[in-house]
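Take a look at the structure below.
The values are calculated or read from the model by the stated rules, or taken from the named source; none is laboratory data. Computed from a prediction, not measured in an experiment: that's the story for all the values here. Ideal geometry is used to build each Cβ from the backbone, glycine not excepted, and the neighbour counts take in all protein chains shown.
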Amino acid sequence: MAFEVSYNLENEQQFWDELDDIVSTRCHEHEAIDNSLRSYLNVTTNYRSEYLETDYSIAKCVYRLIEGDLFKAHREYVRRQIIYCLLQEDDNPTLHLVAAILLYDGRNGGNDVTFEMMQAEGVFQRLVELIQMSNVQEDTRLHQMLLELMYESSRIQRLSWGDLNAVDDAFIIYLLEIIEGASDDAEDPYHYPVIRVLLVLNEQYLVISTTQHVNGRSGVTNRVIKALSTHGMTYKTFGCNLILLLNRESETSLQLLILKVLYLVFGNSTTAEYFYTNDLHVLVDVILRNLIDLPSDSPAANALRHTYLRVLYPILSNSQISKPPHYKRDDILRLLHLLVTSGNHFAPVDDTTVRLVKRCTNVRWLQPQATNMDGASEANGGTSATQSPTTDDHVIGNGQKELARRTLGMSVRGDSAMSVLEVAGHTERPGVQTPSRGREMVQ
C-alpha cells in the first residue's frame, strides 16, 4: 500500500486530531477508502516513534480506526486491504500497525471474522516467515505483536495441512531458544506469547492427527513434541513455565492447551521424563489442587476434570514418580477416592469420571500394599498371579495402540485411541473462566 500524503504535525494533540479526521471520513468508493487507509498508515508510521511508543498508545490508535465511520461502513473491505498489506509489506512500522489492527479487531467482541479471513488468505504462513526475519526480531514490540497475532488467529480455527507444513523444526527450536534465553520469570514479555504459540501449535498437530488418515493425507509430524524428544534436556525452561502457567491460569481454554501438551509429553516414551523431578512434584501438586477445586455440579467442570484425569494417568504410569520413592501416594489415592464419592447431593458421579479414576487407581504402585513371604511390602498388581493384566480398564489391545500411534505419529503408552480423540476434541471459547469451588464460596 503506497504512501502518497505527507504531514507536518507539531504536537501530540494535532496527531490525534488528524487521526480522528481520517477515521471519520465517509467514503463511497474503494479508491476513496484506499486513500483514507494510506493517510492513516502514513500518519501512524511517520509519528510512531514520537506518539506511539507504548502498547497502550498503539491500541488507542487502532481503536480510533475500528470504531470510526470509515471502518464501520466498510468492515470487510478494510479488513481485506489490511490483510493484503500484511502479506506484502516489509516495513517494520507498517507491519506493526497492520498486525495490531488485525489483532485488536479479531479480539474485539469475540469477532472471529477477521481471523477467518486471515486464514483464507494464507496469513499464517506469512507470519511464520515474518517471525523468523532478522529485521523483525530486532524490533521486540513488533515481534511480540506478530506472535500474539499467530496465537489468537490459530486458537479459534483449524490450520490447514499446508499451514502446518510451513512450520519446520528450526522454527520450533527458535521459539524454544527464545524461552531458554530469557529469564525464568514467566512474566518476561517474551515468555507468554512464545509459550502460547507453542501450545496452540501442539493443539493443531493433535487435532489434525485425528483426521489426517481419514482424509487420506500423509502424516504431519508434531514438531513440538519432536523437539522436546530430541532436545528436551536443552530446553527445560519451557516445561518449568508450563507448570507456572497451569498453577495460576484461570482461563479454561489455556488450561486445556497446557494439558494437551502434558498429555502427549507423558504419553510418549521419549519425553515421559522431560521434567525435572522437583518440577514434576510441583506439577502433581497443581493437578491435585485443581481437581479438588473443580465443582461437582458443573458440566464444564466435569469435562475439564476428565482431561485432568487423562493427563494424570500417564504421569502416574510413565514419569519418574512411577519409581520409588513414590511421591504423595496416599494423597493421590485419597483424592481419587474423593472424586468418586463426593458428587452433589442429587446426582451420582458421572460414569466417565468413575472410569478414569479407576484407570488411575489401577496403576501398579497405587495398589494396596501386600506383604511377601520375606516380610517386605510390595504393591499388588502387575505380576500378581491373582490379577490378570488384560482385565484392567486401562490396558488396551494392540489394535487400539496402533490406532493411537497412527493418529499421533508417535507411540502413546498405555492410552486408548478414544482418549486421544477426547483430549484432542476438548475445547473452550477464549475468555471462559474455569469453574472453581473457591470462587463460588467467595460469591
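Can you confirm whether Val261 is under 15 Å from Glu422 (Cα atoms), crowded, with 22+ Cβ neighbours inside 10 Å and of a type in the set (Val, Ile, Thr)? Criteria met by Val261. Within the set Leu149, Leu87, the sole residue that is closer than 30 Å to Asn35 by Cα, touching a Gly at 6+ places or on another chain (Cβ under 9 Å), surrounded by fewer than 22 Cβ atoms within 10 Å (Cβ to Cβ) and not β-branched (Val, Ile, Thr) turns out to be Leu87. The single condition among (1) of a type outside the set (Phe, Trp, Tyr); (2) at pLDDT below 95; (3) surrounded by fewer than 16 Cβ atoms within 10 Å (Cβ to Cβ); (4) closer than 15 Å to Ile101 by Cα that Lys60 does not meet is (2).
Ile315: more than 21 Å from the chain's Cα centre (by Cα) and hydrophobic (A, V, I, L, M, F, W, C), yes or no?
no
Among the residues in the range 129-143, are any among the basic types (Lys, Arg), outside the structural domain of Met233 (by the TED database), modelled with pLDDT of 95 or more and part of a helix (DSSP H, G or I)? No, there is no match, as no residue in the range 129-143 is among the basic types (Lys, Arg), outside the structural domain of Met233 (by the TED database), modelled with pLDDT of 95 or more and part of a helix (DSSP H, G or I). Among the residues of the range 252-281, those identified as among the β-branched types (Val, Ile, Thr) and farther than 21 Å from Val194 by Cα are Thr270, Thr277.
For Asp55, state whether it is assigned by the TED database to the domain that holds Ile131, out of contact with any strand residue (DSSP E or B) (no Cβ under 6 Å at 6 or more places or on another chain), of a type in the set (Asp, Glu) and under 14 Å from Tyr104 (Cβ atoms).
yes
Output the residues belonging to the range 100-141 that are within 21 Å of the chain's Cα centre (by Cα) and within 18 Å of Phe171 (Cβ to Cβ). The answer is Gly122, Val123, Phe124, Gln125, Arg126, Leu127, Val128, Glu129, Leu130, Ile131, Gln132. For the range 6-18, the set of residues classified as surrounded by 12 or more Cβ atoms within 10 Å (Cβ to Cβ), of a type outside the set (Asp, Glu), more than 17 Å from Thr54 (Cα to Cα) and in contact (Cβ under 8 Å) with a residue 24 or more places away in the chain consists of Tyr7, Leu9, listed by residue number.
Test of understanding: among Arg155, Arg75, which residue is closer than 19 Å to Phe171 by Cβ and charged (D, E, K, R)?
Working: Arg75 fails: closer than 19 Å to Phe171 by Cβ.
Only one candidate passes the filter, namely Arg155.
Among the residues of the range 314-333, those identified as over 11 Å from Leu262 (Cβ atoms) and assigned to a helix (DSSP H, G or I) are Leu316, Ser317, Asn318, Gln320, Ile321, Ser322, Arg329, Asp330, Asp331, Ile332, Leu333. Being within 21 Å of Ile225 (Cβ to Cβ) and loosely packed, with under 15 Cβ neighbours inside 10 Å: is that true of Ser269 here? Yes; evaluated as a whole, the condition is true for this residue.
Among the criteria (1) touching a helix residue (DSSP H, G or I) at 6+ places or on another chain (Cβ under 8 Å); (2) in contact (Cβ under 8 Å) with a residue 40 or more places away in the chain, the one Leu244 does not fulfil is (1).
For the range 68-83, how many residues are more than 27 Å from the chain's Cα centre (by Cα), of a type outside the set (S, T, N, Q) and either surrounded by 14 or more Cβ atoms within 10 Å (Cβ to Cβ) or under 14 Å from Thr25 (Cβ atoms) (or both)? Please lay out each step first, then the result.
Step one: of the range 68-83, the residues more than 27 Å from the chain's Cα centre (by Cα) are 68-78, 81.
Narrowing the set further to residues that are of a type outside the set (S, T, N, Q) leaves 68-78.
With the extra rule that they be either surrounded by 14 or more Cβ atoms within 10 Å (Cβ to Cβ) or under 14 Å from Thr25 (Cβ atoms) (or both), the set shrinks to 68-75, 77-78.
The number of residues fulfilling the criteria is 10.
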